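Read through the structure below, which is laid out as structure tokens, and then see the notes.
The values are calculated or read from the model by the stated rules, or taken from the named source; none is laboratory data. None of the values given here were measured: they were computed from a predicted structure. Neighbour counts are summed over all protein chains in view; Cβ atoms, including those assigned to glycine, are modelled from backbone coordinates with ideal geometry.
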Amino acid sequence: MKKGMLFLVLAFALMALQLANFASASELADDYLDIANNYINSNNCNKALEYLDLILVIEPENLAAKALKEKILPTNNEPKTAEIVQVPQPEQKNVVIIQPTNPEPEKFIYNSDYYNKKGLELYEKKDFDSAIEYFYKSINLNKNNAKAYNNLAMSYWFKNNTSAAIKYLKKSSFIDKNYTQPLVNLAMLYKQLGDDESQLYYLQKAVNGNLNNYLAYYRLGDYYKNAGKYPEAIKNYKEVVKINQKFPEVYLSLAMSFFETEEFNYTLMALGQYKEFYPDSDFAFFLAARANLAMCRYSEAKADIERAIEINNNEYQLELAKINYYLEDYTTALEIFQNLLKSGENAEIFNYSGLCHYKLKNIELAMTNFNKAIELDGLRSIYYYNLSQCYKSLGDKKNYVKYVNTATKITPINYQDFIDLSYIYYDNSNPSYSINLLNNAIAKYPSVKSLYLSKLKIYEAIGDNLHYNETKNLIEMRFNKK
């Protein structure tokens with residue numbers, strides 16, 4: 001994502017705190033104390049003293065301001081420059097606000113929006129200390145400037161002061177219920193803090209507060225995609241498209257979600273829309289190649305992966321080798337796999353190399369590669385099964401049975417292992433056990449469409465029309481509603 005887009009994403013929204021919709025003198029003093037501490041941290045004690053004096057005009061008995069001022073002023077009343085002191089705010093219980101008889105507030109030439117805009121300019125330049133000062137000036141002129149509070153919060157967030165960021169985002173959200181950028185920002189802040197429950201709460205609150213906030217829908221879609229709940233992700237991404245068809249990132253996210261639910265035609269459609277904005281996206285062509293490969297459209301897959309490699313020559317060689325394998329160009333595929341192994345040993349590549357040798361009738365070399373795959377990753381049943389097929393082709397029944405049995409005793413680690421193992425059982429004339437295994441996998445991975453499709457293929461192969469139709473209807477209901 002481009003840097004400009006990063007700032008766009010971070011310039012959104014946050015939550016709600018039950019405060020009055022105006023700022024008291026005590027709140028203003030708190031804000032000025034934040035600024036003073038900020039300047040002290042930047043070793044600018046003269047500016048800090050200006051804000052401490054303003055606090056003492058508003059609250060002459062403010063203990064925190066007095067203590068901080070005494071720390072940075074020596075006996076001759078000249079500011080220190082070498083020592084930086086942080087003084088925590090004391091609790092302000094039962095404070096009586098004393099208004100000065102003839103206050104002389106700072107005179108501002110420009111209005112609140114002007115200072116907010118100037119603060120944004122400094123924010124974009126990453127001059128967060130100066131930005132904070134301008135946002136405070138904006139708020140001092142208009143206590144109901146929700147955008148200034150939001151921008152102030154974002155500046156504090158960039159300075160890793162998350163407590164201040166949360167405080168001002170909540171203020172912003174409460175001031176203007178229709179302004180939902182603070183809610184989205186708060187959700188992203190909680191995501192950074194690892195609080196998924198709060199992240200989801202504020203994203204849903206943002207969507208409910210403003211049905212036209214496409215960025216809130218987009219972030220909510222991301223939440224579900226990251227959680228593996230792809231149908232829910234797709235639902236929210238489609239809301240983004242309804243509101244803003246010129247937001248390219250949503251098409252890529254849609255494509256990725258459709259790919260995970262194995263809706264490959266929709267994957268390609270979403271990628272086509274994404275490439276209208278980014279025609280030279282190597283990742284888009286890579287994902288298109290994988291979608292075409294999954295649909296056995298090998299020529300289209302090869303054209304896509306070659307375009308991805310043309311754009312970024314350092315990636316995607318593995319996918320090109322796999323496509324050549326499925327195109328039955330085993331010699332070319334094997335050459336690529338062997339070149340990849342020069343950069344480091346990899347179990348998957350050894351397994352594919354073994355498959356290429358097996359297809360080329362180089363059984364001894366196939367066995368060597370399958371054994372290397374097992375040495376690197378001995379928890380994949382398919383590697384043992386591939387090795388067993390080599391022994392079978394050599395007429396070595398003892399070792400064939402040995403490695404088939406070894407394959408069936410391995411506990412699946414991921415959903416692909418369940419699919420591989422179900423294939424092994426089916427290939428050894430045990431389709432009922434294959435189905436039971438897939439049912440166990442579906443209970444563990446209910447959102448993985450390929451598990452349902454594997455069941456569908458087995459029912460079709462054994463001619464079980466009743467369960468075939470039941471599974472097909474379940475797939476339509478769970479994954480294919482558009």
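Can you find even one residue in segment 346-357 that is charged (D, E, K, R) and more than 19 Å from TYR385 (Cα to Cα)? Among the residues of segment 346-357, not one is charged (D, E, K, R) and more than 19 Å from TYR385 (Cα to Cα), which makes the answer no. Every test in (1) farther than 24 Å from THR267 by Cβ; (2) over 33 Å from the mean Cα position of the chain (by Cα); (3) not polar (S, T, N, Q) is passed by LEU421 save one, and that test is (2). Among the residues of segment 385-420, those identified as closer than 18 Å to PHE370 by Cα, surrounded by fewer than 18 Cβ atoms within 10 Å (Cβ to Cβ) and β-branched (Val, Ile, Thr) are VAL401, THR406, THR408.
So that you can scan it fast, the table gives a plain yes or no per residue for (1) outside any helix (DSSP H, G or I); (2) at pLDDT 95 or above; (3) not assigned by TED's automatic domain parsing to the domain that holds ASP377:
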| residue | (1), (2), (3) |
| --- | --- |
| GLY395 | yes, yes, no |
| LYS398 | no, yes, no |
| ASP417 | no, no, yes |
| TYR423 | no, no, yes |
| LEU437 | no, no, yes |
| LYS455 | no, no, yes |
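Just to be sure before I move on: is TYR384 within 17 Å of TYR326 (Cα to Cα), of a type in the set (Ser, Thr, Tyr) and free of Cβ contacts under 8 Å to residues at least 40 places away in the same chain in the structure I sent? Judged against the criteria, TYR384 is not a match. Selection of segment 57-73 for residues being modelled with pLDDT of 75 or more and assigned to a helix (DSSP H, G or I) yields ALA64, ALA65, LYS66, LEU68, LYS69, ILE72. Note on segment 159-198: residues that are part of a helix (DSSP H, G or I), in contact (Cβ under 8 Å) with a residue 60 or more places away in the chain and of a type in the set (Lys, Arg) total 3. Taking the conditions (1) in contact (Cβ under 8 Å) with a residue 24 or more places away in the chain; (2) within 22 Å of the chain's Cα centre (by Cα) in turn, LEU254 satisfies each one other than (1). Looking only at residues in segment 297-325 that are of a type in the set (Ser, Thr, Tyr) and over 17 Å from LEU340 (Cβ atoms), the one that is farthest from the chain's Cα centre (by Cα) is SER299.
Name the one entry in SER447, SER388 that is small (Gly, Ala, Ser) and under 23 Å from LYS229 (Cα atoms). Spell out the reasoning first.
Details: SER388 fails: under 23 Å from LYS229 (Cα atoms).
Of SER447, SER388, the one residue that is small (Gly, Ala, Ser) and under 23 Å from LYS229 (Cα atoms) is SER447.
Scanning for something within 30 Å of PHE258 (Cα to Cα) and assigned to a loop (DSSP other than H, G, I, E, B), does segment 349-372 turn up at least one residue? Checked segment 349-372: no residue is within 30 Å of PHE258 (Cα to Cα) and assigned to a loop (DSSP other than H, G, I, E, B). Taking the stated definitions as given, is LEU355 closer than 28 Å to GLU315 by Cβ, of a type in the set (A, V, I, L, M, F, W, C), surrounded by fewer than 19 Cβ atoms within 10 Å (Cβ to Cβ) and at pLDDT 95 or above? In short, no. Against the test of being farther than 24 Å from MET256 by Cα and basic (Lys, Arg), the options LYS409, LYS444 yield a single qualifying residue, LYS409. Taking segment 366-377 as the range and being closer than 24 Å to SER454 by Cβ and exposed (fewer than 14 other Cβ atoms within 10 Å of the Cβ) as the test, no residue passes. Using the structure shown, decide if SER450 is in contact (Cβ under 8 Å) with a residue 60 or more places away in the chain and out of contact with any His (no Cβ under 6 Å at 6 or more places or on another chain). For SER450, the condition - in contact (Cβ under 8 Å) with a residue 60 or more places away in the chain and out of contact with any His (no Cβ under 6 Å at 6 or more places or on another chain) - is met.
Which of the residues spanning segment 317-332 are outside any helix (DSSP H, G or I) and touching a residue at least 24 places away in the same chain (Cβ under 8 Å)?
Answer for segment 317-332, where residues must be outside any helix (DSSP H, G or I) and touching a residue at least 24 places away in the same chain (Cβ under 8 Å): LEU327, GLU328.
Screening the candidates LYS246, LYS275 for the property of being in a helix (DSSP H, G or I) and not assigned by TED's automatic domain parsing to the domain that holds ARG478 yields one hit, LYS275. Checking each residue in segment 424-482 for being among the aliphatic types (A, V, I, L, M), over 30 Å from the mean Cα position of the chain (by Cα) and under 19 Å from PHE264 (Cβ atoms) picks out only LEU456. Kindly evaluate GLU335 against the criterion of being surrounded by fewer than 16 Cβ atoms within 10 Å (Cβ to Cβ), modelled with pLDDT of 95 or more and not in a loop (DSSP other than H, G, I, E, B). Yes; evaluated as a whole, the condition is true for this residue. Screening LYS235, LYS167, LYS229, LYS242 for residues that are within 15 Å of the chain's Cα centre (by Cα) and surrounded by fewer than 24 Cβ atoms within 10 Å (Cβ to Cβ) leaves exactly one candidate, LYS229. When ALA321, ALA366 are checked against the criterion of being among the small types (Gly, Ala, Ser) and assigned by TED's automatic domain parsing to the domain that holds ARG307, ALA321 stands alone in meeting it.
What's the total number of residues in segment 312-331 that are of a type in the set (Ser, Thr, Tyr) and either surrounded by fewer than 16 Cβ atoms within 10 Å (Cβ to Cβ) or in contact with a strand residue (DSSP E or B) (Cβ under 7 Å, 6 or more places away or on another chain) (or both)?
Start the filter on segment 312-331 by keeping residues that are of a type in the set (Ser, Thr, Tyr), which leaves 316, 325-326, 330-331.
Of the ones still in play, those that are also either surrounded by fewer than 16 Cβ atoms within 10 Å (Cβ to Cβ) or in contact with a strand residue (DSSP E or B) (Cβ under 7 Å, 6 or more places away or on another chain) (or both) are 326, 331.
Residues flagged as of a type in the set (Ser, Thr, Tyr) and either surrounded by fewer than 16 Cβ atoms within 10 Å (Cβ to Cβ) or in contact with a strand residue (DSSP E or B) (Cβ under 7 Å, 6 or more places away or on another chain) (or both) within segment 312-331 amount to 2.
If you go through segment 122-144 and keep only what is more than 16 Å from LEU169 (Cβ to Cβ), without any contact (Cβ under 8 Å) to a residue 24 or more places away in the chain, out of contact with any Asp or Glu (no Cβ under 9 Å at 6 or more places or on another chain) and part of a helix (DSSP H, G or I), you end up with just SER130.
Considering ASP420, ASP427, the condition of being acidic (Asp, Glu) and more than 17 Å from GLY354 (Cα to Cα) is satisfied by ASP427 alone.
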